[in-house]
Amino acid sequence: MTTRLYLITPSSIDETFQDRLAEALGGGDVAALQIRLKDCGRAETRRLARPLIETAQRAGVAAIMNDDPELAAELGCDGVHIGQTDGTVKAARALMGRDRTVGVTCHDSRHLAMVAGEAGADYVAFGAFFPTLTKVPPSRAEPDILTWWSELFELPCVAIGGITVDNAKPLIEAGADFLAVSGGVWNHPEGPAAAVQAFDRLCRE
């Protein structure tokens with residue numbers, strides 16, 4: 001399986017971000033967009049997320065809501081990503097149904113990943129692999145956890161945390177099915193479309 005890009009929004013955006021998203025999605029292959037507006041309240045997230053969901057889905061990109069299965073279901077997202085404190089896979093699945101995606105943060109824990117898989121998650125996310133400005137990660141993961149997972153399980157794994165075009169190659173080689181990237185795209189010196197294009201090339205090498 002070719003590694004694909006899993007794009008994550010900045011934690012704070014305004015109405016103009018929809019244009020930046022469209023620019024990014026025009027740069028190359030993007031599998032999913034996670035709407036992760038940590039600096040926004042629920043009402044503001046609801047308002048800002050609607051056009052992003054439409055933009056993503058129109059481009060054939062899965063729209064994934066972070067942390068909030070109820071809001072994901074309400075807004076017609078293609079899936080939800082939950083952390084270890086955001087409720088259970090079972091509860092998220094009850095809201096999302098069988099046909100939509102439920103992903104789970106598993107940090108650097110093989111045990112948490114196996115529990116998530118057994119509970120019916122559609123993917124597991126490991127990280128942070130590198131220092132990140134997005135949040136203070138509770139743990140650091142090593143690439144060998146991706147290799148271990150991909151050799152033993154068919155469930156896709158996502159690598160997350162401080163990933164840029166310059167440091168992503170070892171994660172691809174280790175077996176990551178998806179690279180979850182935020183700042184590595186939005187803060188790219190040549191702009192988000194150039195960043196997505198560069199990740200696209202890297203994933204196809």
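Backbone amide hydrogens, once placed in the peptide plane, bring residue 8 within less than 5 Å of 34, 181, 182, excluding anything fewer than 5 places away on its chain.
Just so you know, the Cα atoms of segment 114-173 work out to an Rg and Dmax of 11.9, 35 Å.
Rounded to two decimal places and with Rh computed the Kirkwood way over Cα pairs, what is Rg over Rh for segment 1-119?
Numbers: Rg = 14.2 Å, Rh = 14.7 Å.
With Rh from the inverse mean 1/r over Cα pairs, Rg/Rh is 0.96.
With the convex hull drawn around the C-alpha atoms of the chain, the volume per residue stands at 109 Å³. For GluC sites (Glu not before Pro), the sites in segment 1-72 that DSSP calls loop and that have at most 13 other Cβ atoms within 10 Å are 15.
Work out the length of the dipole vector of the chain about its Cα centre, built from +1 on the beta-carbon of each Lys and Arg and -1 on the beta-carbon of each Asp and Glu, and round it to the nearest 20 debye.
Numbers: 19 positive and 28 negative charges, 59 e Å.
In total the dipole reaches around 280 debye.
Taking the helices alone, the chain has a mean residue ellipticity at 222 nm of -11500 deg cm²/dmol, built from -39,500 (n - 2.57) per DSSP H run of at least 4 residues and averaged over all its residues.
Could you please state, rounded to a whole Å, how far the C-alpha centre of segment 15-94 is from the C-alpha centre of segment 119-184? About 19 Å separates the Cα centre of segment 15-94 from the one of segment 119-184. Looking at segment 100-140, the pairs of alpha carbons with a distance over 12 Å make up 57% of the total.
No lab work stands behind these numbers, since they all come straight from the coordinates. Everything numeric in this text was worked out from a predicted model, so none of it was measured. Neighbour counts run over all protein chains shown; Cβ positions are idealised from the backbone, glycine included.
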